[in-house]
Each structure stands twice: as C-alpha cells, then as structure tokens.
1. Return the sequence-ordered ³J(HN,Hα) values of segment 46-55 in whole Hz as given by the Karplus equation 6.51 cos²θ - 1.76 cosθ + 1.60 applied to θ = phi - 60°, using x for Gly and Pro.
2. Could you please report the charge total around I18, scoring K, R as +1 and D, E as -1 over all other residues with beta-carbon less than 13 angstrom from its beta-carbon?
3. For a protection proxy built on the mean count of beta-carbon atoms within 10 angstrom, sort 35-41, 15-21 highest first, please.
4. Any idea of the accessible area per residue across the chain, 1.4 Å probe, to the nearest Å²?
5. If you rank S65, S9 by how much accessible surface each has, with a 1.4 Å probe, what is the order from largest down?
6. For the chain, what does the helix formula give at 222 nm: sum of -39500 (n - 2.57) over DSSP H segments with n ≥ 4, over the residue count, nearest 500 deg cm²/dmol?
7. Summarise the accessible area of the chain (1.4 Å probe, protein heavy atoms) by the percent that is carbon and sulfur.
Amino acid sequence: MAKNLVVKSMADVCVLDIALCNYIQLAGNQLDWLQKNHKDVAQGNIEDYQEKIAAAKGLLKQLRSF
C-alpha cells in the first residue's frame, strides 16, 4: 500500500476517502471472520491484516488533513 498520497482535486479526495473507508471496513470484517471461524489461522495472517488496516487508516488521516 502507498505510503504517501498525491491528490490533484477535491474530487480525488472524496473518491479516495470513500475507497479507504470501504477498504478498512472490508479488511476489518475479513479479519473478524478469520479470527472467529478459523482458530488455527496463522498469526502472520492476522498481523498482515492488522498492518494493512493500520496503513489504510494512516493514509486516511493523511488524506483528511489535505
């Protein structure tokens, strides 16, 4: 996932905001499902989802300060 955002217009900001919120919600739902339904899932998979969610939240924070 990108570490920095480059936006050229407020339309970009709106689209990216929606996309990041959707991604965070989807990844969070997938993480919850994995943790509830697959007790034997590798810890690395859980950490991977947590890292991706944290990165998306960081980008969203950066975007909203635009």
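1. 5, 5, 4, 4, 4, 5, 5, 5, 4, 5
2. Net local charge, I18 excluded: -1.
3. Numbers: 35-41: 9.1, 15-21: 14.9.
Going from most to least packed, we get 15-21, 35-41.
4. Per residue, the chain has 75 Å² of solvent-accessible surface.
5. Result, largest first: S65, S9.
6. -27000 deg cm²/dmol
7. Looking at the chain in its full context, I get 56 percent from C and S.
The values are calculated or read from the model by the stated rules, or taken from the named source; none is laboratory data. The shown structure was predicted, so the numbers you read here are calculated from the model rather than taken from an experiment. Here the Cβ is made from the backbone with ideal geometry for all residues, glycine too, and neighbour counts use every protein chain on show. Accessible surface is based on the protein model in full, side chains and every heavy atom, while ligands, DNA and RNA are left aside. Shrake-Rupley method; radii C 1.70, N 1.55, O 1.52, S 1.80 Å.
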